[in-house]
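Participant: Here it is, the structure in full.
The values are calculated or read from the model by the stated rules, or taken from the named source; none is laboratory data. Since we're looking at a predicted model, the values are computed, not measured. Cβ atoms come from the backbone with ideal geometry, glycine included; neighbour counts cover every protein chain shown. Please note that ligands, DNA and RNA were not included when accessible areas were found on the heavy atoms of the full protein model with its side chains. Shrake-Rupley method; radii C 1.70, N 1.55, O 1.52, S 1.80 Å.
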Amino acid sequence: MSGPGGEIFGVGTHRRANVSAGGFGFPPEQVRAWLSALRAGGLPEAVVLSTCERLEIYGVGAADVAAAFLQQALGMGSPLALTRWTGSTAVRHLFRVAAGLDSTAVGEPEILGQVREALTLAREAGTVGAILGPLFDRAIALGREVRSRTDLGRFPSSLAALAVQEIRERVGLAGKRILVVGAGTMGSAVVRAVGRDRPLRLRVLSRTLERARQLAEPAGGEAGTLTDLISSLMEADVAFMALAVPQPILSRPELRAVAHGRGAAPADPLWLVDLGAPPNVDPQAELPPSIHRIGLEDLQARGNARRQRLEAAIAQAEAMVEAAVREWEAAQRSRAVGPLIARLERRAEAIRQQELAWLWPKLGELTPAQRARIEQFAHRLVRKLLHAPLIGLKQAAGDPQALALFQALWQLEDDPFSSDGGASP
């Protein structure tokens with residue numbers, strides 16, 4: 001499946017394959033810079049999809065350019081575990097991502113907005129055109145269709161919702177002192193999810209007090225900055241850590257300070273739900289007995305269990321993806337033979353005009369109505385003669401040898417149709 005600039009491809013990495021790499025939720029300004037660099041590197045079209053779980057580049061042309069760019073841009077100490085998709089495989093992967101079928105929380109609603117944002121950024125950067133633009137538009141439309149026609153949309157579950165449900169089942173949230181660290185997309189989702197549990201206290205911390213207030217006050221909570229982190233953890237029962245930071249903000253010394261401030265009472269533990277990517281809580285740090293941690297790996301297990309309960313909906317969504325891929329392939333085949341069809345129609349029209357030019361002098365004086373009727377007859381005859389060849393041409397669109405044979409049989413070389421000849425009387 002290719003276009004004028006080359007074959008569609010996707011290349012990317014996922015947090016599951018690069019645990020040490022952490023997360024890939026880069027800010028829009030970083031993505032814009034990458035798009036400009038990819039265009040300068042020779043890719044005629046490119047879209048960068050960056051979320052906390054994945055970093056993927058979709059493009060047209062040489063996938064090696066995008067793969068090398070990812071390795072260099074992330075500056076990892078060891079090579080990234082990259083996956084590549086080309087042609088229909090790349091289209092299928094993108095469709096599954098937009099449908100929520102490739103997420104930790106299958107069916108999550110956030111990914112569709114992230115795909116839409118990736119397309120918007122690429123359009124602003126001028127790196128999408130006739131191939132990736134329609135492809136991403138179709139992926140977004142398919143994502144909406146999956147959520148409206150299957151149980152994945154009726155019972156959506158984001159990563160934040162999985163985290164809140166995990167705490168509900170382990171310790172409950174009603175009457176608890178809840179701390180949310182981070183006021184971005186994930187933190188906002190957590191605040192919305194815990195609201196119906198009527199916690200005793202809700203506190204939101206962010207880098208700026210204003211951003212924390214914007215999230216906390218509508219939910220009846222308190223706001224603070226990250227300078228309040230240790231003291232706030234000392235007073236919390238459950239803390240959802242959702243900061244986009246390059247390294248953990250809670251290592252062994254901070255954890256020990258929190259435990260000391262709480263009185264180190266194992267009977268009244270602090271639950272840290274680490275939604276950061278990379279982790280906000282150092283996974284290598286030994287936890288004091290009074291602190292428990294729930295990480296993305298625990299939520300992955302919950303997501304897998306939910307996936308089993310939604311097998312029928314997932315199967316329906318997968319079928320919708322496959323149907324969309326087949327439609328896309330058919331559309332691309334038709335697009336590929338478009339120039340050949342145009343040449344065939346031009347040749348047929350040239351023959352029609354040539355034969356009419358031969359006929360008119362032999363018919364003598366005609367009324368305008370008679371001349372129009374003969375024109376109509378010639379046009380209908382040509383269209384009916386072309387009907388079967390055009391169907392065959394579209395069906396053979398994926399077979400280069402068949403197309404070459406068709407072009408030779410119908411003399412559809414690029415040279416213009418000669419007007420020297422004509423039918424004999």
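Participant: May I ask you to derive the relative contact order of the chain, considering only C-alpha pairs under 8 Å and at least 6 residues apart, and to give it as an integer percent? Display every interim value, and only then the final one.
Facilitator: Values: 639 pairs, mean separation 53.7, N = 425.
Rounded, it is 13 percent for the chain.
Participant: Let me ask something else about it. Could you tell me whether segment 116-228 comes out rounded, prolate or oblate from its Cα gyration tensor? Rule is a ≥ b ≥ c as square roots of the eigenvalues, rounded for a/c under 1.5, then prolate if a/b exceeds b/c, otherwise oblate.
Facilitator: Values: a/c = 3.71, a/b = 1.64, b/c = 2.26.
It comes out oblate by the Cα gyration axes.
Participant: Using amide H atoms built 1.01 Å from N in the peptide plane, name the residues 5+ places from Thr225, or on other chains, whose amide H lies under 5 Å from its own.
Facilitator: Ser206
Participant: Given the chain, what percent of its DSSP beta bridges are antiparallel, to the nearest 5? Don't skip to the answer; put the middle values down first.
Facilitator: On the way: 19 of 41 bridges.
Just about 45 percent of them are antiparallel.
Participant: Using only Cα atoms, find the angle between the long axis of helix 110-125 and the longest principal axis of the chain, and express it within 0 to 90 degrees, rounded to the nearest 10.
Facilitator: It is inclined by approximately 60 degrees.
Participant: A further question follows. Using +1 at the Cβ of each Lys and Arg and -1 at the Cβ of each Asp and Glu in the chain, identify which of Leu405, Thr83, Ala99 lies farthest towards the dipole's positive end.
Facilitator: Comparing the listed Cα positions along the dipole, Ala99 ranks first.
Participant: What value, in deg cm²/dmol to 500, does the helix sum -39500 (n - 2.57) over DSSP H runs of n ≥ 4 give at 222 nm once divided by the residues of the chain?
Facilitator: Values: 15 runs with 227 residues, N = 425.
The helix contribution divided over the chain gives -17500 deg cm²/dmol.
Participant: Straight-line reach from Lys394: which lysines have Cα under 27 Å away, leaving out those fewer than 8 places along the same chain?
Facilitator: Cα-Cα hits under 27 Å: Lys384.
Participant: Between Leu229, Gln30, Ser148, whose Cα lies farthest towards the positive end of the dipole of the chain when Lys and Arg beta carbons carry +1 and Asp and Glu beta carbons carry -1, centred on the Cα centre?
Facilitator: Ser148
Participant: Let me spell out the model: positive unit charges on the Cβ of Lys and Arg, negative unit charges on the Cβ of Asp and Glu, origin at the Cα centre of segment 65-178. What dipole size does that give, in debye rounded to 20? Let's see the in-between values first.
Facilitator: Numbers: 14 positive and 10 negative charges, 43 e Å.
It works out to roughly 200 debye.
Participant: What's the ranking of 187-196, 200-209 by average number of surrounding C-beta atoms within 10 Å, highest first?
Facilitator: Ranking the peptides 187-196, 200-209 by packing returns 187-196, 200-209.
Participant: Counting only heavy atoms of the protein chains, get the accessible area per residue of segment 241-379 (1.4 Å probe) and round it to a whole Å² value.
Facilitator: Values: 7520 Å² over 139 residues.
Value for segment 241-379: 54 Å² per residue.
Participant: Within segment 85-190, what whole-number % of the accessible surface is contributed by carbon and sulfur, with the 1.4 Å probe and all protein chains included in the calculation? Walk me through the intermediate numbers first.
Facilitator: Details: 1710 of 3450 Å².
Using a 1.4 Å probe with all protein chains present, segment 85-190 comes out at 50 percent carbon and sulfur.
Participant: Would you mind classifying the chain by shape? Square roots of the alpha carbon gyration tensor eigenvalues, ordered a ≥ b ≥ c; an a/c under 1.5 is rounded, otherwise it is prolate if a/b is larger than b/c and oblate if not.
Facilitator: Prolate, because a/c is 1.5 or more and a/b exceeds b/c.
Participant: Which of rounded, prolate, oblate describes segment 177-282, given a ≥ b ≥ c as roots of the alpha-carbon gyration tensor eigenvalues and a/c under 1.5 marking rounded, otherwise prolate only if a/b is larger than b/c?
Facilitator: Details: a/c = 1.69, a/b = 1.24, b/c = 1.36.
It comes out oblate by the Cα gyration axes.
Participant: Please give the per residue accessible area of segment 71-201, computed with a probe of 1.4 Å over protein heavy atoms only, in Å². If you can, show how the numbers build up before the last one.
Facilitator: On the way: 5290 Å² over 131 residues.
Normalised by residue count, the accessible surface of segment 71-201 is 40 Å².
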